[in-house]
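This report refers to the structure that appears directly beneath it.
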Amino acid sequence: MGNRADECGTDVEIYRKPLTDTIHADAPSGAPEQLLDLLDQLGLERREVHTASPVYIWHEVPGHLDASEQKRLANRAIPALLVAGYKVNCTPGVFDEAAYQQAVHEIRSRRARPAATRPAPAAPSSRPEPSRRTP
């Protein structure tokens, strides 16, 4: 039992498992917990198979979603993984340009928003403020 991320040398391989409707997101053997946690946070479900030696871990798009929602969730995960610094590959049969671009737009909007709403620091005054006197 291997995985595509090991075979392709990527951090995450997103593909439809042959002869099924299941979309997989494989991370390489021994992937850091940080990557696995990010895949969890992005809505993918972690699966594990324990054997005598290794533990095989992969993620799947939730099966309760309809086909278009599954594809959308997988594609929306890609920009977040790329921003986090991971090398990602998605097969053409799963990749959806519109869902990917929407996710990119949302990430850019979130990044721009805090800077736009943060007020500029007040410039220091060159003259002292008058002292207040009470009559």
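The values are calculated or read from the model by the stated rules, or taken from the named source; none is laboratory data. No experiment lies behind these values; they were computed from the predicted model shown. Ideal geometry is used to build each Cβ from the backbone, glycine not excepted, and the neighbour counts take in all protein chains shown. To get the accessible areas, we keep the full protein, side chains included, count just its heavy atoms, and leave off ligands, DNA and RNA. Shrake-Rupley method; radii C 1.70, N 1.55, O 1.52, S 1.80 Å.
With R₀ set to 30 Å, the beta-carbon distance separating Ala98 from Asp21 gives a calculated FRET efficiency near 0.90. Only Lys, Arg, Asp and Glu carry charge here, each on its Cβ (+1 for the first two, -1 for the last two); on that basis region 1-76 has a dipole of about 220 debye about its Cα centre. With all protein chains kept in place, the per residue accessible area of region 13-117 amounts to 58 square angstrom at a probe of 1.4 angstrom.
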